[in-house]
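The values are calculated or read from the model by the stated rules, or taken from the named source; none is laboratory data. Everything numeric in this text was worked out from a predicted model, so none of it was measured. Cβ atoms come from the backbone with ideal geometry, glycine included; neighbour counts cover every protein chain shown. Accessible surface is based on the protein model in full, side chains and every heavy atom, while ligands, DNA and RNA are left aside. Shrake-Rupley method; radii C 1.70, N 1.55, O 1.52, S 1.80 Å.
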Amino acid sequence: MARKYGADYVATGHYCRKEQGPGGLWRLLEGTDPNKDQSYFLCQLSQQQLSTALFPIGHLTKPQVRAIAREADLPSAGKKDSQGICFVGKVDLPTFLKQKLRSVEGEVVEIYDAYYASNPLYLAQQEILSRILLPGAELDRTVHYAPEEKVLTRDGKPLGDCPFGLDGITDAELETLSRPVQYNISFETETYRSGKRHVRKTRYKDNPYGRIVGTHEGAQFYTIGQRKGLGVGGHAEPVFVIATDTDANRVYVGEGHEHKGLSRFCLRIPPDEIHWIRPDLALKAGESARMRVRIRYRQPLQSATLLMRESGMYILFDTPQRGISAGQFAVWYQGDEMTGSGVIQA
């Protein structure tokens, strides 16, 4: 549209920067303000788009931008930051989705820790991780809770060495590590008599792997890691969504910040979903690279190894990641430069 009207550039208010690098290629850089960096949202830009894009506030912090706005008597100088969905208006995400998608009641199923002790995929993943772990390296199996959405300063941590020995890892092992655990639990019912009148009632039999703890209005309205809006009480610790099954219309939840269902080490990006902002840095099949990666906006960058295979790109993190969600973007950086991104497969 800009070209249609004869414009040479498009300027946006995103907190990010760009500069021209080797061979005339453009580099997309994090914004100077670590608390407002918005490069994640631009992870699908091409070289052609970057060449005609301007980011006039990327070198400023939010307070500096507000000060400039006050000097110019702009009414937005003291306006609160927007928390809504761009271009939709003042409506929160659940309300917006319910306006577009039909509500269908389904079960909320809590998964117990015992489920993982007999799940073949989970056990296979733990065996692979133990086998490839380098001597002397330590491995946490689950995420230790920290309020990750508060990125006020960059952590400044070096990328560090990979704790895994990956020279001999096979495509099949990477595929196993990248698959999310599936929750297939059936609940049997039994009849019993209750009260003085011995009224006949039906209830679910106890199941060592989980229990039905409530109902929901549609699995499509929930996302992995979600805590609010579940309507599940009676627990000592918070309850989180660990998986959704839209075919069966089930939402699976787990109790506690360190529930096994919240943590994964590896994800896969299909070949047709891999996007290199810097095509000169694209990995070929069989190659790997150490990068810093984030899987959601405002998540602190995480140390990881990118492994390219014919079947796609596998990202193996040094530490377990909380709430890896299919359909979200994984974005990788070299230093403060975003070099590529891809859509996470289920």
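Tally time: how many residues in the stretch 318-331 are within 13 Å of the chain's Cα centre (by Cα), of a type outside the set (Gly, Ala, Ser) and either more than 15 Å from Val143 (Cβ to Cβ) or in a strand (DSSP E or B) (or both)?
Step one: list which residues in the stretch 318-331 are within 13 Å of the chain's Cα centre (by Cα), which gives 320-331.
Imposing the further condition that a residue be of a type outside the set (Gly, Ala, Ser) reduces the set to 320-322, 324, 328-329, 331.
Narrowing further to those that are either more than 15 Å from Val143 (Cβ to Cβ) or in a strand (DSSP E or B) (or both): 320-322, 328-329, 331.
Total meeting the criteria: 6.
Looking at the stretch 291-307 only, could you name the residues that are touching a strand residue (DSSP E or B) at 6+ places or on another chain (Cβ under 6 Å), within 15 Å of Asp336 (Cα to Cα) and touching a residue at least 40 places away in the same chain (Cβ under 8 Å)?
Met291, Arg292, Val293, Arg294, Leu301, Ser303
For Thr339, only one of the following conditions fails: (1) surrounded by 21 or more Cβ atoms within 10 Å (Cβ to Cβ); (2) touching a Pro at 6+ places or on another chain (Cβ under 8 Å); (3) closer than 18 Å to Leu45 by Cβ. What is its number?
Status for Thr339: all satisfied but (2).
Quick check on my filter: what residues within the stretch 176-218 are within 24 Å of Cys266 (Cα to Cα) and in contact (Cβ under 8 Å) with a residue 40 or more places away in the chain?
Step one: of the stretch 176-218, the residues within 24 Å of Cys266 (Cα to Cα) are 176-184.
Scanning the stretch 176-218 gives Thr176, Leu177, Ser178, Arg179, Pro180, Val181, Gln182, Tyr183.
Go through the stretch 224-239 residue by residue and tally those that are touching a residue at least 24 places away in the same chain (Cβ under 8 Å) and surrounded by 14 or more Cβ atoms within 10 Å (Cβ to Cβ).
Looking only at that region, the number is 5.
Considering only the stretch 302-319, state which residues are open to solvent by 30 Å² or more (accessible area, probe 1.4 Å) and not basic (Lys, Arg). Break it down stepwise before answering.
From the stretch 302-319, those open to solvent by 30 Å² or more (accessible area, probe 1.4 Å) are 302, 309-311, 319; that's our starting set.
Those that are open to solvent by 30 Å² or more (accessible area, probe 1.4 Å) and not basic (Lys, Arg): Gln302, Glu310, Ser311, Thr319.
If a residue must be touching a strand residue (DSSP E or B) at 6+ places or on another chain (Cβ under 8 Å) and more than 21 Å from Gly23 (Cα to Cα), how many such residues does the stretch 44-76 contain?
Looking only at that region, the number is 4.
Tally time: how many residues in the stretch 8-29 are free of Cβ contacts under 8 Å to residues at least 12 places away in the same chain and open to solvent by 40 Å² or more (accessible area, probe 1.4 Å)?
Number satisfying all stated conditions: 2.
Residues to consider are Arg227, Arg268; find the one that is within 17 Å of the chain's Cα centre (by Cα) and closer than 22 Å to Met338 by Cβ. Walk me through it before giving the result.
On the way: Arg227 fails: closer than 22 Å to Met338 by Cβ.
Result of the check over Arg227, Arg268: Arg268.
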